[in-house]
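Once you've had a glance at the structure underneath, I'll fire off some questions.
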Amino acid sequence: MRLSEKYGDREAAEWPMLFQRILQNAIRDFYRRSKVRSLWTVLFSSLTSADEEGDDPLETLASESESEDHKTPHRNAERMQVLGIIEKEISRLPPRQREAFLMRYWEDMDIAETAAAMGCTEGSVKTHCSRATHTLAAALKAKGIEL
């Protein structure tokens, strides 16, 4: 699709090399995206119970605090404190990093959608998300939170 959309006007002799480059870039993007998403999955997986799969960790925390589970008040308080710390650290991010981070990971928008919404390039979105992720991880580690 990318080849036909962006390079349909090129000569047919150029298509094999263009296709190869597009394919390589798509594979790299997939693995980069997987790496970042797995980082946040690992970080937030400690906030959810083991019997839940595919749930949003923030929604899980909110629903657990409202429901009457076998969880102890101490455990619920710990989870709410960690969630509060995460929200506080997100609010401390620079506005563009926070915007990109929330759109990509909370709103689950792809890079192109995020770039269009922010009015910047896809490369800028990737940079903002990377910096936000590293800043948040360092801030949580500095507070002794090992997720």
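Over 5 Å intervals from 0, what percent of Cα-Cα pairs in the stretch 67-147 sits in each interval?
3, 15, 22, 18, 14, 11, 9, 5, 3, 0
At a Förster radius of 41 Å, what calculated FRET efficiency corresponds to the Cβ-Cβ distance of residue 4 and residue 141, to the nearest 0.05?
E between residue 4 and residue 141, to the nearest 0.05, is 0.35.
Could you order 1, 17 by accessible surface area, starting with the largest, using a probe radius of 1.4 Å?
Sorted by accessible area, descending: 1, 17.
Given labels modelled 7 Å from the Cα in the Cβ direction, how far is it in nm from residue 32 to residue 85?
Reported label-point gap for residue 32 and residue 85 is 3.1 nm.
Something else: Near the amide H of residue 109, under 5 Å away, which other amide H atoms are found, from residues 5 or more places off or on another chain, if H is placed in the peptide plane?
104
The values are calculated or read from the model by the stated rules, or taken from the named source; none is laboratory data. Here the structure is a predicted model, which is why all the values come from computation and not from measurement. Virtual Cβ from ideal backbone geometry, glycine too; neighbours counted across all protein chains shown. With ligands, DNA and RNA removed, areas are computed over all heavy atoms of the protein, side chains included. Shrake-Rupley method; radii C 1.70, N 1.55, O 1.52, S 1.80 Å.
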